[in-house]
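First up is the structure itself, then whatever we jot down about it.
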Amino acid sequence: MSDLFYSTDLLGEFDRLQRQMASLFSGFPASLRAMRSETFPPVNIGSTDDSIEIVAFAPGLDPAAIDVSIDKGLLTISGERKPSAPEADDETRVYARERFAGAFRRVVELPQHADPDKVDARYVNGCLIIRVGRSEASKPRAITVQ
């Protein structure tokens, strides 16, 4: 008699392993084509001592067509990106389209110490750079010891 134990449900074990792997990598798209259109434009968010900085990567947009607003601690970036390539016709077949076209809207929750009266937005080299100032009370300051 053998001391080795073999599971009779080998396919069930593979199914369990596949579910575990899918849950492990569920937050990462397999390719650009797997990303949802709501993720346009991709953003980086950081901060300095004086401001919160949001950089939205949106090449090919007309800066006048981008709307930026702040309401109740939410920064909203919205607009529309026009298609850059001609539509398919009788002679052209499109196999893949990775460049997003259409209306978009991104909402970023700002920290409580953001000052909505101190906002600067500019569009440089395909990047929308938004700086939201911090309230004076939240800025780091040096305290002298007496």
*asked:* Order these by the 10 Å Cβ neighbour count, fewest first: Val132, Val68.
replied: Val68, Val132
*Filter the trypsin sites (Lys or Arg not before Pro) in the stretch 65-146 down to the DSSP loop ones having no more than 10 other Cβ atoms within 10 Å, then list what survives.*
Lys72, Arg93, Arg141
*Within the stretch 50-146, chymotrypsin sites (Phe, Trp or Tyr not before Pro) in DSSP loop having at most 13 other beta-carbon neighbours inside 10 Å*: Tyr95
*asked:* Let's test the formula: R0 of 30 Å, r as the Cβ-Cβ distance of Arg105 and Phe14. What FRET efficiency results, to the nearest 0.05?
replied: 0.15
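FYI, it's all coordinate maths here, none of it is from the lab. The shown structure was predicted, so the numbers you read here are calculated from the model rather than taken from an experiment. Here the Cβ is made from the backbone with ideal geometry for all residues, glycine too, and neighbour counts use every protein chain on show.
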